[in-house]
Every structure is written in structure tokens, then in C-alpha cells.
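Values quoted throughout were computed directly from the atomic coordinates according to the rules given, and no laboratory measurement underlies them. Fair warning: this is a prediction, and the values are worked out from it, not measured in the lab. Every residue, glycine as well, gets a Cβ built from its backbone with ideal geometry; the counts of neighbours run over all protein chains shown.
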Amino acid sequence: MKERRPSGPPACRAMDNPGYARFFAEIADLLEIRGENPFRIRAYRNAARTLETLAEPVDELASRGEQALVALPGIGRDLARKIRELARTGRLEFLERLKAEIPPTLVELLEVPGLGPRRVRKLWQEAGVVSLDDLEAALAEGRLAGLEGFGPTLIAKIARGLAERREQAGRVRLDAADRAAETIVRQLAGRRRGLRLVVAGSLRRRRETVHDLDLLATGCTRGLIERFVALDGVRETLAAGGSRASVRLASGLQVDLRVVPEESFGAALQYFTGSKEHGIALRRRARERGLRLNEYGLFDGERRIAGAREDDVYAALDLPPIPPELRENRGEIEAAEQGRLPALVSLDDIRGDLQMHTTWSDGRDTIEAMACAARERGYEYIAITDHGPTVRVAGGLDAARLARQIEEIDAINERIEGLRVLKGIETDILEDGTLDLPDDVLAKLDYVLATVHTRLALSRREMTRRIVRALRHPRVSALGHPTGRLIGRRPPYEVDFDEIVRAAAGEGKLLEIDGHPERLDLDDHHARRAAEAGVPIVISTDAHAAADLALMRYGVDQARRAWLTPDHVANARPLGRFLALLRR
DNA sequence: GCCGTTTTCGGCCCGACTGTTTTCAGTCG
């Protein structure tokens with residue numbers, strides 16, 4: 001579970017919170033290579049995380065003075081000063097000095113499996129390797145062979161790791177990880193009684209992408225590790241011992257399996273679900289109580305006082321169970337302690353789906369088929385949101401075709417029982433912030449979802465103005481996939497998200513979590529910030545076929561990671577209250 | 001670098017596995 005490293009700091013000012021975070025993460029990486037005190041390194045990493053997930057813009061907090069920053073957890077006087085320096089100048093003297101001392105490209109070497117800070121430093125100082133390219137050349141020329149501590153097996157492992165890194169066999173989408181995990185669990189545990197095999201790790205926390213799969217087994221586990229490493233689809237065994245094994249699948253995905261005794265199962269599930277930071281905070285809490293927490297249980301001296309069930313571990317630390325989606329050390333332990341854990345939204349709370357496409361544009365099923373599928377899922381309402389005319393390749397609707405679609409929806413609403421089909425559109429926000437259909441046409445619709453599909457490379461200021469103008473349009477109900485990213489394929493466009501949130505809050509508009517696993521946009525950080533600012537969130541699937549309505553779970557996963565309760569979610573309301581929200 | 005109803009100094013989470021070694025450092029999660 002090697003964590004993703006943010007790329008280097010951006011050059012320009014007007015920084016968002018992740019921008020601040022990247023500076024401190026880079027300091028941590030460089031200090032690690034320098035061989036600094038690990039706790040000092042952790043202080044920088046914690047600061048990076050704190051800043052990244054802060055609801056309020058760091059810019060604003062910094063302008064209020066040092067005291068406002070010191071009040072944050074893990075931020076003391078030194079870090080507060082550095083944050084203010086960054087806010088004032090856009091630079092950090094300390095980081096510049098570090099980069100003069102340590103080649104910053106060394107950081108990329110840390111991502112190669114088998115290379116940690118010590119070996120990276122040795123490669124740099126004793127072999128002159130400072131980048132992935134250098135490493136590749138040194139391997140090709142056999143220059144690592146003389147290095148103390150670099151035996152033939154390790155060198156081969158590094159060569160493999162480098163190749164992996166090159167082919168980006170890195171993180172996979174949540175839906176692909178789900179499928180891979182289901183296949184393995186079925187193969188290993190399908191017909192075996194008495195064997196418990198469950199998913200832990202970031203997949204259980206429902207992160208938008210996962211780096212590897214963590215599986216946990218207990219019960220009748222004899223021969224399990226041998227069968228695991230021999231599974232179809234295993235390309236390579238990375239490690240195999242008595243209680244754990246790691247393999248790489250042909251797809252490049254790493255899978256770790258741990259076998260634990262039943263009396264430790266809950267503690268192990270807690271431990272291997274993570275996140276690492278949540279675990280550290282929990283073990284500190286144990287230590288404060290004179291206890292010791294590890295994957296085998298919670299111990300008072302030699303005596304195990306909890307371990308078989310995960311909830312018992314939390315209870316023994318005076319905490320209610322904490323949902324896996326919240327376990328990122330973003331305040332969940334404090335909230336749990338104070339009895340303020342949110343009652344998270346669940347799939348059962350969802351009463352409608354507000355973005356879907358049909359055969360009228362680029363969808364594969366008819367309106368009626370979508371409606372029937374939605375009713376089978378127990379929904380009260382859906383909105384049909386085919387594309388407007390701008391998205392020509394998708395067969396977008398012009399005013400005349402939209403008028404005909406409206407007639408068809410009216411007819412379907414006459415026929416169908418127990419479900420209301422709302423008339424909607426996914427209208428494009430043009431470069432100047434106007435929409436691609438006239439107002440009198442939009443006025444005939446129940447739900448207007450405005451989205452950006454073109455001209456993604458505008459400046460941050462232009463994109464912000466464009467979207468804010470659309471949000472101010474009286475006919476617009478919601479902003480769809482608000483940052484435009486495609487996971488693993490396209491980064492979000494440049495936009496001042498806090499400004500978008502303010503506009504949505506001021507205009508009474510909804511922001512969407514597009515739950516398609518390719519988008520998950522808003523992401524969990526953004527959705528949490530929007531909800532905290534009082535903006536209602538609508539979770540939709542962007543379905544292009546009836547079967548896609550099942551993707552709602554992925555949107556709900558991210559909503560849960562964003563701490564959302566049913567009150568935050570517009571489409572957790574019954575139809576009347578949902579429509580009332582649009583009209584306010 | 002942070003933090004403090006034990007503390008302003010001395011702590012800071014914990015264990016398995018690997019590879020290169022003769023007793024353990026480094027990596028990983």
C-alpha cells in the first residue's frame with residue numbers, strides 16, 4: 001500500500017489547499033532521503049494531509065495570522081510560519097535549500113518497489129543515480145553490482161520494479177478492483193465452508209482508486225497460501241511466508257493475503273483496513289491508555305482484551321464503530337469520541353437518479369427501459385438528461401427534438417405507475433458561460449443539469465467565471481461533474497472551486513457527484529467542502545444503459561467518504577421535497 | 001517538528017518478510 005506521491009509544487013500563486021500540501025509533502029520526501037528523524041518527517045506529512053483536507057482555504061486562514069494556524073492539529077509555530085511564508089511569497093526558503101542539497105528527482109526513485117530512502121541515498125551518493133533514467137542506465141551497465149547491500153536478487157527486484165513503474169501498473173479504478181477482488185474471493189473461498197475471506201485495505205475504505213488489494217483470511221486456512229500463489233492470473237509471487245503472501249496479477253495489480261487466527265480477526269481487519277494514519281492515531285490512543293494495539297489484538301500487558309471482532313477493538317478504546325470510509329484521520333476519531341460521527345448516507349436512502357442518457361442521444365436503452373429499471377431499484381423518480389446540441393458526437397438534442405422527447409416523457413408518465421420521469425437535459429456551458437439551449441426551451445424542463453465538455457484549457461479565472469455565470473442562470477438546477485476529470489486519463493480543469501461553492505450556495509443550486517467510476521466528480525474532498533458550505537449534493541450515475549443505474553453505489557461510496565448524511569443529499573429526499581429544493 | 005492531568009524534554013505505532021548477511025538493516029504495509 002505505497003501511498004501516492006503528489007507531484008511537485010506548482011509555480012504560480014493563488015494556491016489552493018492541495019497546492020499548499022504539495023510543498024510539505026515534498027519536504028517530507030527530501031528529508032526522508034536525507035535520513036532525518038522519522039518523527040520530524042511525519043510532522044511534515046501530517047501537515048500536508050491537514051492542509052489538503054481543510055474545509056477552509058489555507059489562504060484565508062493564513063491571512064488571519066499565526067494563531068489561526070497553530071490551532072490546527074499537528075501545526076506548531078514552525079510550520080505555521082512556513083505556511084504564512086508560502087502564502088505571502090509563494091515560495092519556501094527551507095524547501096529551496098533542501099532542493100539545492102538533494103536532487104529533487106530522487107523522490108521519484110522512492111516509488112520503485114524495493115527502494116526506500118536508505119537505498120535511494122546510497123544509489124545517489126555511491127552510484128551517482130538521481131533519476132529513473134539514471135537508474136535504468138545503471139542497471140543496464142551493471143553498475144549496481146558492486147554496491148554493498150545490493151545483491152543479485154535485490155537488483156533483479158529493482159529492475160522489475162522499475163519496469164512496473166514505467167508501465168504505470170499503478171492504481172486501478174474502484175470498479176476494476178471490485179471485480180478483481182470478487183474473482184479471487186470466489187476462486188479461493190467459493191465452496192469452502194469454515195473459511196472466512198474478506199476484503200480490507202483501501203478497497204474496503206472505498207477509495208476512488210486502489211494501489212493493491214488486501215485480503216484477510218481466518219478459519220479453515222490450511223493450504224490457503226499455497227492455493228493463493230497458484231491462482232489463475234498470478235504473474236509473479238512477490239513474497240510468501242507462513243501468515244502472509246503477496247502476488248502480482250497479470251493485470252499488474254498487487255494482491256496481499258494475510259492469514260490470522262479467529263481470536264485476532266477483528267483486530268487484523270481493523271489493522272489492514274487502514275488507513276495507515278487512522279491506525280497510527282488509534283495505536284496512539286491505545287498507548288495513552290497503557291494498552292498495546294497490533295494486528296493480533298488489543299493487549300493489556302500479555303492479556304488480550306479485544307481482537308475477535310472489529311467493533312470490540314473500538315469499544316475497548318471507548319469509541320463507537322467508525323465506518324471504514326471515514327478512516328483517513330480526517331477528524332473521525334475526535335468525532336467518534338464526542339459522539340458526533342455522521343449517520344452516513346447509504347444506497348437505501350437514494351430515491352432517484354438525476355443524470356442518465358437514452359437512445360435519444362448516446363445512451364443504449366430507451367426512456368421506458370430506463371424508467372422500468374429505475375422502478376425495479378425502488379426509485380421514486382429519475383431525470384432523463386440527454387445531451388444538448390453541442391455534444392454532436394453524442395447525438396445531442398436540439399430544441400425541436402427535445403420538444404418531441406418531452407412529449408414522449410409525458411406519455412410515459414401517463415402509462416407508468418410508481419415512478420415519476422422528470423424532463424431534463426445535460427446542457428453544455430459554452431465558453432462565455434451561456435448555455436447551448438434557449439431559455440424558453442429550458443423553461444419547459446423539470447431539471448437542468450449544466451456541464452462543461454469543451455474548451456477545457458481555459459485559464460483558472462476564465463473557467464471560474466464561465467461556470468459561475470452558468471450557476472447564476474435562473475433555469476439551471478445543478479452543475480454536473482463539476483471538475484471535469486477522468487480518473488487516470490484527464491486531470492480536472494483549472495477552476496477556483498471555493499468560488500464555485502460560494503456561487504452555488506448563493507444561488508441555491510446543487511452540485512453533483514457524478515458516480516460513474518470513471519469520473520467520481522466531485523471527489524470526496526470537494527464534496528465535503530461543498531456540503532459543509534451548505535450546498536445540497538445530488539448523486540447520479542451518468543448512466544448510458546439501464547444496467548448502469550447500479551453504478552449509484554460508487555457515487556454513494558464517495559459521498560460517505562465525504563461525511564455526507566441523507567440531509568446533505570438532494571436525491572435522498574422524496575419527490576415533493578426534491579422539487580421544492582429546485583424551486584427555492 | 002509536535003506535544004504535554006506523568007512532561008517544556010523526551011517521547012513519538014507496530015510487526016512480517018526479504019536479502020544479504022552471520023545477527024540484522026531495510027522495506028513494506
Report task. Throw me the Rg/Rh for chain A, computed over C-alpha atoms with Kirkwood Rh, two decimals. Result -> 0.99
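Just flag the trypsin sites (Lys or Arg not before Pro) in region A:195-225 sitting in loop per DSSP whose Cβ has no more than 12 other Cβ atoms within 10 Å. Walk me through the intermediate numbers first.
On the way: sites: A:ARG196, A:ARG204, A:ARG205, A:ARG206, A:ARG207, A:ARG222; in loops: A:ARG205, A:ARG206, A:ARG207, A:ARG222.
Counting only loop positions with at most 12 other Cβ atoms within 10 Å, the trypsin sites (Lys or Arg not before Pro) in region A:195-225 are A:ARG222.
What translational diffusion coefficient, in µm²/s and rounded to a whole number, does the Stokes-Einstein relation yield for region A:17-166 at 10 °C and a viscosity of 1.306 mPa s, taking the hydrodynamic radius as the Kirkwood radius over Cα pairs?
On the way: Rh = 16.8 Å.
Estimated diffusion coefficient is 94 µm²/s.
So what's the net charge close to A:ARG392: Lys and Arg +1, Asp and Glu -1, counting the other residues with Cβ under 11 Å from its Cβ? It would help to have the intermediate numbers written out before the result.
Numbers: positive: none; negative: A:ASP362, A:ASP398, A:ASP428, A:ASP436.
Residues close to A:ARG392 contribute a combined charge of -4.
For a quick check: sort A:CYS372, A:CYS220 by the number of other beta carbons within 10 angstrom, fewest at the front. Working shown, then result.
On the way: A:CYS372 16, A:CYS220 13.
Least to most surrounded, the residues fall as A:CYS220, A:CYS372.
Which of A:MET356, A:MET463 has the fewest other C-beta atoms within 10 Å, and how do the rest follow up to the most?
On the way: A:MET356 28, A:MET463 23.
Lowest to highest Cβ neighbour count: A:MET463, A:MET356.
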Query raised in the report: Restricting the count to DSSP beta bridges whose residues both fall in chain A, what percent are antiparallel, rounded to a multiple of 5?
Result: 50
**Report entry** Pairwise label distance in nanometres, A:ARG289 with A:GLU499, each label 7 Å out on the Cα-Cβ vector
**Finding:** 4.8
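Any idea what % of Cα-Cα pairs in region A:170-231 are farther than 20 Å?
27
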Query raised in the report: Helix A:399-415: angle to the longest alpha-carbon principal axis of chain A, degrees 0 to 90, nearest 10?
Result: 90
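So how strong a dipole does region A:17-166 carry about its Cα centre when Lys and Arg Cβ are +1 and Asp and Glu Cβ are -1, to the nearest 20 debye?
Numbers: 24 positive and 23 negative charges, 72 e Å.
Computed about the Cα centre, the dipole is about 340 debye.
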Query raised in the report: Which FRET efficiency, nearest 0.05, do A:ARG160 and A:LEU347 yield, Cβ-Cβ r, R0 41 Å?
Result: 0.55
Requested in this report: List the relative contact order of chain A as a percent without decimals, with contacts defined as Cα pairs under 8 Å and 6+ residues apart.
Outcome: 9
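Region A:263-337: D in µm²/s via Stokes-Einstein (Kirkwood Rh, Cα pairs, 37 °C, 0.692 mPa s)?
Details: Rh = 11.8 Å.
The Stokes-Einstein estimate is 278 µm²/s.
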Report summary line: Projecting the Cα atoms of A:LEU224, A:VAL210, A:GLY194 onto the charge dipole of region A:79-230, where Lys and Arg contribute +1 and Asp and Glu -1 at Cβ, the residue farthest towards the positive end is A:GLY194
Requested in this report: Let me have the relative contact order for region A:347-583, percent, based on Cα pairs under 8 Å that are six or more residues apart.
Outcome: 20
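Just want the ordering: A:ARG561, A:ARG455, from fewest to most Cβ atoms lying within 10 Å of their own Cβ.
Numbers: A:ARG561 26, A:ARG455 13.
Arranged by neighbour count, lowest to highest, A:ARG561, A:ARG455 become A:ARG455, A:ARG561.
If R0 is 60 Å, what FRET efficiency do you get for A:GLU85 and A:LEU195 from their C-beta distance, rounded to 0.05? Before the final figure, lay out each step's value.
On the way: r = 56 Å, r/R0 = 0.93.
It comes out at approximately 0.60.
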Requested in this report: Sequence neighbours fewer than 8 away in the same chain don't count; with that in mind, list the aspartates and glutamates whose C-alpha is under 16 Å from A:LYS444.
Outcome: A:ASP386, A:ASP398, A:GLU407, A:GLU408, A:ASP410, A:GLU426, A:ASP436
Report summary line: Longest principal axis of chain A (C-alpha) makes with the long axis of helix A:497-507 (C-alpha) an angle, in degrees to the nearest 10, of 30
Query raised in the report: For A:ILE416 and A:PHE39 in one chain, what is 0.36 nm times their gap in residues minus the Cα-Cα distance, to one decimal in nm?
Result: 129.4 nm
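If you put +1 on each Lys and Arg Cβ and -1 on each Asp and Glu Cβ, how big is the dipole of chain A around its Cα centre, in Debye rounded to 20?
Working: 93 positive and 92 negative charges, 316 e Å.
In debye, rounded to 20, chain A gives about 1520.
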Report summary line: Site A:LYS99, offset 7 angstrom along Cα→Cβ, radius 14 Å on amide nitrogen, limited to region A:58-90, gives A:86, A:90
Query - Rounded to whole Hz, the Karplus (6.51, -1.76, 1.60) HN-Hα couplings of region A:353-360, x for glycine and proline - result: 10, 10, 8, 7, 10, 10, 4, 5
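Find the Rg to Rh ratio for region A:212-364, where Rh is the Kirkwood radius over alpha-carbon pairs and Rg uses the same atoms.
Numbers: Rg = 19.8 Å, Rh = 18.1 Å.
In region A:212-364, Rg relative to Rh is 1.10.
Of the peptides A:171-179, A:34-42, how do they stack up when ordered by the mean number of other Cβ atoms within 10 Å, highest first?
On the way: A:171-179: 18.2, A:34-42: 12.6.
Taking the mean over residues of other Cβ atoms within 10 Å, the ranking is A:171-179, A:34-42.
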Requested in this report: Extending each Cα 7 Å along its Cβ direction at A:ASP567 and A:ARG455, get the distance between those two points in nm, one decimal.
Outcome: 4.1
Query raised in the report: Which value, in debye to the nearest 20, gives the size of the charge dipole of region A:368-417 about its Cα centre, when Lys and Arg are +1 and Asp and Glu are -1 at the Cβ?
Result: 240
Report task. Could you point to the residue in A:THR183, A:PRO474, A:LEU575 farthest towards the positive end of chain A's charge dipole, with +1 and -1 charges on the Cβ of Lys/Arg and Asp/Glu respectively? Result -> A:THR183
Query raised in the report: For region A:63-126, with equal point scatterers placed on the C-alpha atoms only and solvent neglected, what are the log10 I(q)/I(0) values from the Debye formula at q = 0.14, 0.24, 0.29 1/Å, to two decimals?
Result: -0.61, -0.92, -1.12
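Between A:GLU302 and A:ARG227, how high is the FRET efficiency from 1/(1 + (r/R0)^6) when r is the Cβ-Cβ distance and R₀ = 41 Å? Nearest 0.05.
0.75
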